[in-house]
Amino acid sequence: MFVSGEGPILHADLDAFYASVEQRDDPRLRGRPVIVGGGVVLAASYEAKAHGVRTAMGGRQAMRLCPAAVVVPPRMSAYSEASKAVFEVFRDTTPIVEGISIDEAFLDVGGLARISGTPAQIAARLRREVADRVGLAITVGVARTKFLAKVASGVAKPDGLLVVPPDAELDFLHPLPVERLWGVGRVTASKLRDRGITTVGQVAELGEPALVAMLGRASGRHLHALAHNRDPRPVHVGRRRRSMGAQRALGRGSRAAAELDADLTALVDRLTRRLRAAARVCRTVVLRLRFADYTRVTRSHTMAEPTAHTEPILATARGLLTSAMPMISANGLTLIGVTLTNLHTEGAVQLMLPFDEGAVGTLDATLDSVRDRFGSAAVTRAALLGRAQGIAMPLLPD
Ligand SMILES: [Mg+2]
């Protein structure tokens, strides 16, 4: 583990990544609206975005908006290769690189001033290098905090560079629309807009208690901190978790088997999404149970193959739950938890992608991109409808 925290921080984000790779590799696609996907839009070129086409949109709706679009099937191995090449450029820039996803990373360039120049110079060189070595456009935001660097790259897109000087942070942040705040999805944005709050500056004026009353505790605090540009997270490198877990406390009183299954499914859905976002795979599924008398047990199963797919992991967890049912009926369950361990990083980024695993991988990837864009409550299983959802927070790397 290597943590700097000196800043400044670069947020580097490839533009319309999958679509740009397609345009790079096929000159006939350049300058034309390109949609990668089919049933669902996995990525759209800026020419297609100009017509309102968005990631995770249904294919039919996308074609209605942009009938001239060229639809190409995804080539995940090409994207994986391009991603590896871009991350090489990142690591040639600074040793402190924290990958967020296949096409995006934070880079801490503090302490490089004497060697590499100002952050603006470093960022400009990084953009040139990615263009020369990989043939792709990348946007870079530079700021003192991760949050602000990410906001800056979002504002600067496409093919842009934006430096937020330390003495102008709030001047930059406060006029922006609330949607620019990290973690503000459609639902939160419309709650704010319903109350006439459209800019980050207005959010900052509200005060934490008002925000908490409006949006709930976690979300309200989170937004309050961001609107005041408080984000102390340093750039982490090489932080590799050994496990990922989630749990749910249950009220007293017995729960029907179907309810327990829904609890378990919700936990597995959440964890596998995190797993894929972190480009990890797991082999071992652990079921954790706590009973009414506060005793705890764990049951685990190691699968033959590591995977990041929801279905095999859910099937394993269900197997564990089924064999624990007699114990649960006898003792009364008060907490159910799932931990995924035996984590591996396989081929770095490729396993979060649909690849050739057919429908299972495509479904996972599609659901992930819908939830990334519209929040985790955007799509759910029929069995989970009407249950309380967690707050939609941005997925940070595990
Ligand atoms: Mg991107």
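From zero outward in steps of 10 Å, how is the percent of C-alpha pairs of the chain spread across the bins?
Spelled out per bin, shortest first, that is 5, 20, 29, 28, 14, 4, 0.
Defining a contact as two alpha carbons under 8 Å apart and six or more residues distant in sequence, what relative contact order in percent does the stretch 17-75 show? It would help to have the intermediate numbers written out before the result.
Numbers: 104 pairs, mean separation 20.2, N = 59.
Averaging sequence separation for qualifying contacts and normalising by length gives 34 percent for the stretch 17-75.
Shape of the stretch 174-227 from its Cα gyration tensor (a ≥ b ≥ c, root eigenvalues): rounded if a/c is under 1.5, otherwise prolate when a/b > b/c, or oblate? Walk me through the intermediate numbers first.
Numbers: a/c = 1.31, a/b = 1.19, b/c = 1.10.
Rounded shape, in that the Cα axes give a/c under 1.5.
Using the 10 angstrom Cβ neighbour count as an exposure proxy, how do THR339, THR310, THR284 rank, fewest first? Let's see the in-between values first.
Working: THR339 19, THR310 22, THR284 16.
Neighbour counts put them in this order, fewest first: THR284, THR339, THR310.
Under the classification rounded if a/c is under 1.5, otherwise prolate if a/b is larger than b/c and oblate if not, where does the stretch 72-202 fall, given a ≥ b ≥ c as square roots of the Cα gyration tensor eigenvalues? List each step's numbers first, then the result.
Numbers: a/c = 2.57, a/b = 1.38, b/c = 1.87.
Because a/c hits 1.5 or more and a/b fails to exceed b/c, the stretch 72-202 counts as oblate.
Span-like helices, the chain: DSSP H, alpha-carbon axial extent 27 Å or more, mean Kyte-Doolittle 0.5 or greater, which ones? Present the calculation step by step, with values, prior to reporting the outcome.
On the way: long enough: 257-277 (30 Å, -0.06); 310-331 (30 Å, 0.57).
Span-like helices, by this rule, are 310-331.
With the chain treated as a Gaussian network of Cα nodes joined by springs under 10 Å, which of SER190, SER329, SER153 yields the largest mean-square fluctuation?
Result: SER329 has the largest fluctuation of those listed.
Run the numbers on the chain and let me know its relative contact order in percent, using alpha-carbon pairs under 8 Å that are six or more apart. Numbers along the way, then the final one.
Numbers: 730 pairs, mean separation 65.9, N = 398.
Taking the mean separation of contacting Cα pairs over the length of the chain, I get 17 percent.
Assign one of three labels to the stretch 133-198, namely rounded, prolate or oblate, based on the Cα gyration tensor with a ≥ b ≥ c the square roots of its eigenvalues; rounded applies when a/c is under 1.5, prolate when it is not and a/b is larger than b/c, and oblate otherwise. Walk me through the numbers on the way to the answer.
Numbers: a/c = 2.89, a/b = 1.60, b/c = 1.81.
The shape class here is oblate.
Taking a cut-off of 14 Å between Cα atoms, list the aspartates and glutamates near LYS146, but don't count ones fewer than 8 places away on the same chain.
Filter leaves GLU6, ASP13, GLU98, GLU104, ASP108, GLU169, ASP231.
Can you give the calculated 222 nm mean residue ellipticity of the chain, where each DSSP H run of n ≥ 4 adds -39,500 (n - 2.57) and the sum is split over every residue, rounded to the nearest 500 deg cm²/dmol?
Details: 15 runs with 168 residues, N = 398.
My calculation for the chain gives -13000 deg cm²/dmol from helical runs alone.
Any read-out appearing in this document is the output of simple, stated calculations on the displayed coordinates, not a laboratory observation. Nothing here was measured: the structure is a model prediction, and the numbers come from that model. So basically every Cβ, Gly included, is an ideal-geometry build from the backbone, and we count neighbours across all protein chains shown.
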